[in-house]
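A short write-up of the structure that comes next.
The values are calculated or read from the model by the stated rules, or taken from the named source; none is laboratory data. Computed from a prediction, not measured in an experiment: that's the story for all the values here. Here the Cβ is made from the backbone with ideal geometry for all residues, glycine too, and neighbour counts use every protein chain on show. All accessible areas refer to the heavy atoms of the entire protein, side chains included, with ligands and DNA or RNA removed. Shrake-Rupley method; radii C 1.70, N 1.55, O 1.52, S 1.80 Å.
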Amino acid sequence: MCGIVGYIGDRQATEICLAGLKRLEYRGYDSAGIAIVRDGELEVMKVVGKLAGLAEALEENPLEGTLGIGHTRWATHGKPSKVNSHPHTSMDGRIALVHNGIIENYAELRDQLESEGFEFVSQTDTEVIVHLVDKYYEGDLAAAFRRAVKDLHGAFALGIVSADHPDQMIAARRFSPLVLGIGEGENFIVSDMGAVREWTDQVYVIDDDEMAVITRDSIELTDLEGNPIEREPYTIPWPADAAQKGGHKHFMHKEIHEQPRAMRECLLGRLGAPEKSINLEGLNLTEDEIRGLRKVVFTACGTAYHAGLVGRFLMEKLARIPAECDLAAELRARDPVVLDNTLAIIVSQSGETADTLVALREFKEKGAKVISVVNVVDSSIARESDGVVYIQAGPEIGVASTKAYTLQILTISLIAAHFADVRGAASEHELIELRRAMLGLPEQAQILLDREEDVKRVAARFFESPNALYLGRGVNLPSAMEGALKLKEISYIHAEGYSAGEMKHGPIALVEPSLFTVAIAIKGDVYDKMIGNIQEIKARSGPVIGVAFDGDTEIPRQADEVLWVPESPEMITPITVAIPLQILAYHIADMLDREIDQPRNLAKTVTVE
Ligand code: G6P
């Protein structure tokens, strides 16, 4: 999705904006642009395509100046084109503006402005904003901007500069994330903390309906009425080099390999020993509230939805609380009935996914208590929830989520085990065994990573297949869905994740030698049934990759290949099973030479509904 980087200081703004936007590249975009103020003039450069194209254009025609704003656009209103890309400028070319989000009342604003003589050059919703600022401008840019913002309905993170104000950059937000980087003699506007970490770890996180007037030496925060706001800076918790590949070919590969360490950090301070109870700071639920829960509803999108599906299973099986899991984009259409003592658990890596945020608000309006399981600290979802348990995965850059997924499940497992403990829903012995197994997960994850070459060999056997089927049951049905999603996202191979029990109601018609099936057949409640499903596929000449516990003697007899996972209680196997499936998808995509970290048409953070 779109990215914003603005700079005011004494360095070249183009260099800073390009480097910052580069850090946001992973979010997905289709065009890029930059506006620079220098000597009372404003200059703009835009390109369709990647930032490398913008950098090349800037090499040929350098824009020099120490105040500028840059943008990467992911098209919503109007196709990707130079004219639709940001920054957008006023008719006299003296004001430039960048925008993330969607202006819902742009059509009526456009009609009004056109009737007043403003000429539009793009098909975007954004262009109305710059003309509005121009309309209200009488020498005070901040005053004009404040008035313009009040006319807007919808979501926005905005940055604006003007040729008439070479010492000022202005920003505002509503619903779309925006952060101000605090430097020495320089300041930054960014849509994501990751874009600024290289230069500073001190930021102000802007709230809805707040704006900031930024100079080289000051940042003045106000509400939209102009009332000053006092805010403590936030310290970004990860090191400056966290968002670099660190010797890996792709971020996705690096992030897969970070899982053991990230799991350790996620467990730290929360689960000390198998005999001790779990401590979840931030959960913000009393033991009485936990005991009184009548229902838990998970809501999320994409990979996080699959983690929620595992959560549903754990809440019912372990904590014995009726549970559901909804796709955030579908929730509102269903107008869900929210009973008293319902807990909504919102799962999101970014904490900014628009559909998920809308679902969160729907639950709050209907009186549910809302907690979230989030990676990005202080993100919108985290801030709007009644409680938040951070997964502590560190920055995830690869569009295809890997470490965030396993850590979401681990965090949800901690919550479910805690609920089971408080409600007396599981025996002490069962809880101790589960907590012991959770503590062993980082080591198991490392064992799985050490087997990468074996998985790569399996990838080499199947990477040219046009179709794949992933089958699972019970707690590992979501694992099948996530395995298939990983493969299709980054390799573009058509893959379906299906309940093995449902296979005979449809997908079995697809089975033939060119379709490979990944069958998750770890020992547990559904093992025998999975063996039956494998036999059905083999009987129809379909090749099978089994996923089995170490030491299993049956699966190697049935399947063509086996991905081995160390034994653990069935309930937490979605965490270990995910790892070889991530590695399989990664190597298949790599063998096909795909753009793994930025697959076509996908964005890391989807900030539009
Ligand atoms: C996008 C990403 C996925 C992610 C989903 C939900 O589709 O490409 O990797 O799972 O959004 O994002 P969230 O940040 O809410 O977990």
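The table below lists the values:
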quantity: Hey, GLU352 closer than 19 Å to ALA155 by Cα, open to solvent by 20 Å² or more (accessible area, probe 1.4 Å) and either assigned by TED's automatic domain parsing to the domain that holds ALA155 or under 13 Å from the mean Cα position of the chain (by Cα) (or both) or not; calculated: yes
quantity: Count of the range 583-596 residues which are away from the ligand (no atom under 16 Å from the Cβ) and charged (D, E, K, R); calculated: 2
quantity: Qualifying positions in the range 309-356 - of a type in the set (S, T, N, Q), assigned to a loop (DSSP other than H, G, I, E, B) and within 17 Å of VAL606 (Cα to Cα); calculated: GLN349, SER350, THR353
quantity: Exclusive hit being more than 11 Å from the ligand (Cβ to nearest atom) and either small (Gly, Ala, Ser) or modelled with pLDDT under 95 (or both), set ALA359, ALA344, ALA354; calculated: ALA344
quantity: Only one of PRO574, PRO569, PRO580, PRO599 that is more than 26 Å from ALA416 (Cα to Cα) and either open to solvent by less than 30 Å² (accessible area, probe 1.4 Å) or away from the ligand (no atom under 16 Å from the Cβ) (or both); calculated: PRO599
quantity: So ARG11, is it within 16 Å of the ligand (Cβ to nearest atom) and of a type in the set (Lys, Arg); calculated: no
quantity: Any hit, the range 151-158, residues being open to solvent by 20 Å² or more (accessible area, probe 1.4 Å) and outside any loop (DSSP other than H, G, I, E, B); calculated: no
quantity: Residues satisfying the stated conditions in the range 14-44, i.e. aliphatic (A, V, I, L, M), buried (at least 22 other Cβ atoms within 10 Å of the Cβ) and away from the ligand (no atom under 16 Å from the Cβ); calculated: ILE16, LEU21, ALA32, ILE34, ALA35, ILE36, VAL37, LEU42
quantity: Qualifying residue in the range 454-466 (condition: within 27 Å of CYS301 (Cα to Cα), without any contact (Cβ under 8 Å) to a residue 40 or more places away in the chain and not in a loop (DSSP other than H, G, I, E, B)); calculated: no
quantity: Residue in the range 139-158 that is of a type outside the set (Lys, Arg), touching a strand residue (DSSP E or B) at 6+ places or on another chain (Cβ under 9 Å) and within 22 Å of LYS22 (Cβ to Cβ) present; calculated: yes
quantity: Looking only at the range 113-140, and only at residues there that are acidic (Asp, Glu) and in a helix (DSSP H, G or I), the one that is surrounded by the fewest Cβ atoms within 10 Å (Cβ to Cβ); calculated: GLU114
quantity: Strands (runs of 3 or more DSSP E) contained in the range 486-557 and holding at least 1 residues under 21 Å from ALA459 (Cβ atoms) and open to solvent by 40 Å² or more (accessible area, probe 1.4 Å); calculated: 494-499
quantity: Residue count, the range 376-392 (criterion: at pLDDT below 95 and either more than 12 Å from the ligand (Cβ to nearest atom) or in contact with a Leu (Cβ under 9 Å, 6 or more places away or on another chain) (or both)); calculated: 7
